[in-house]
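The values are calculated or read from the model by the stated rules, or taken from the named source; none is laboratory data. A quick note: this is a predicted structure, and the numbers were derived from the prediction, not measured. Positions of Cβ are backbone-derived with ideal geometry, glycine not excepted, and every protein chain shown enters the neighbour counts. To get the accessible areas, we keep the full protein, side chains included, count just its heavy atoms, and leave off ligands, DNA and RNA. Shrake-Rupley method; radii C 1.70, N 1.55, O 1.52, S 1.80 Å.
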Amino acid sequence: MYDIIGDIHGCAAELKALLKQLGYEKQGSVWKHPERKALFLGDLINRGKGVAKTLSIVRNMHEAGEAEVILGNHEFNLIAWNTPNKTGGFLRPHNKHNLKQLRTTLADFSGREEELNSYINWIKTLPLYFENDDFRAIHACWDFNYIEAIRKGEMPKNLSDVAFLEQSVIPFTPEFDFIECLLKGVEYKLPNNQQFIDNDGNRRTFVRLKWWEAAHTNQLKKLAFQSNMFQEHEIIPQWKHDQIPQYSTSEKPLFLGHYCMGKQPVHLLQSNMMCLDYCVYKTGRLTAYRMNNEMLNVNRVVQLS
Ligand SMILES: [Mn+2]
């Protein structure tokens, strides 16, 4: 059985504290549990100052067979930052905005670039999603069509292919849309060139949607994370609503990271869906779910406070 652990974002001290609380012990260089394995939901890097330590703990567990790991959007961004393009630059431009996101990761590996490259090569082998008989996990959005495309080999299962990466950074190619959906979730471009400033101080023209709510509503106030930007009469266009993936309550439980639930009480998104990202960098609330074979229950959440 798995302990599913949300976004760590370089908060290595919190990761160690959580593993201890879950009954894992460090044996040699590997954290182990006598009966359980860990599953990490991606976004291991950036924000916190303990990125190298976090990567070391997680990779050691992964290579020893004590953990599974799926990719987050921050790992995708790191790979694109590190991959040369054909015009002498990089797939993710080395501009101020992109540098700011990677700042603590690059600082932590300053003078140890070889070690960072070795982690990047490892990250490129990690899968985009996890599924077993009991549950599923993805960083931001489970889209059955895209998962089927991965299973059929029409889309890649990891980020090791350079030709795929080159396409994936070109807006609105199938490869770009695929990565956006699975690792960043569903967004909605504001009409009339409206903009807003997000929690990280970035100017945005897209709002993040609670894609799982689309089964119940087309109101932007209920769908958007930035609900205060919208009035009740404002609805999402039908063509956009039709594109939002559906995840029925009769499906296996699904775990997400990514959505930074902040100080909200621990809760389910729907009866078979839970987000395990409670913004550890800002709140200290690193979050795990101790999976068993029963219905999801918030009592099985273990959270640092
Ligand atoms: Mn994320």
>> For a distance above 25 Å, tell me the whole-number percent of Cα pairs in the chain that qualify.
In response: 49 percent
> For region 239-295 and region 26-69, what is the separation of their C-alpha centers, rounded to whole Å?
Replying inline: 21 Å
> How much length, in nm to one decimal, is gained on full extension between D242 and S271, taken as 0.36 nm per residue of separation minus their Cα-Cα distance?
Replying inline: 8.2 nm
>> Please list, by residue number, everything in region 244-282 whose backbone N is under 13 Å from a paramagnetic label point 7 Å out along Cα→Cβ of E213.
In response: 269-270
>> Can you compute the helix-only [θ] at 222 nm over the chain? Use -39500 (n - 2.57) per DSSP H run of at least 4 residues, normalise by all residues, nearest 500 deg cm²/dmol.
In response: -8500 deg cm²/dmol
> For region 1-67, what is the accessible area per residue in Å² when the probe is 1.4 Å?
Replying inline: 37 Å²
> Highest GNM mean-square fluctuation, the chain, Cα pairs closer than 10 Å: which of M274, M155, M295?
Replying inline: M295
> Heavy-atom accessible area per residue, region 187-244, 1.4 Å probe: how many Å²?
Replying inline: 63 Å²
> How large, in percent, is the carbon and sulfur part of the accessible surface of the chain at a probe radius of 1.4 Å?
Replying inline: 47 percent
> Remind me, relative contact order of the chain in percent, using alpha carbon pairs under 8 angstrom and six or more residues apart?
Replying inline: 19 percent
>> Once you place label points 7 Å from the Cα toward the Cβ at K86 and D161, how far apart are they in nm?
In response: 1.7 nm
> Label 7 Å along Cα→Cβ of F144; region 233-263 residues with amide nitrogen under 19 Å?
Replying inline: 241-256
> Would you list M291, M229, M1 from the most to the least accessible area, probe 1.4 Å?
Replying inline: M1, M229, M291
> Under Stokes-Einstein, with the Kirkwood radius over Cα pairs standing in for Rh, what whole-number D in µm²/s applies to region 65-112 at 37 °C and 0.692 mPa s?
Replying inline: 271 µm²/s
> Between K96 and Q231, what is the FRET efficiency for a Förster distance of 30 Å, r being their Cβ-Cβ separation, to the nearest 0.05?
Replying inline: 0.30
>> Please compute, for the alpha-carbon atoms of region 208-262, the extent along each of the three principal axes and give them in descending order in Å.
In response: 34, 29, 14
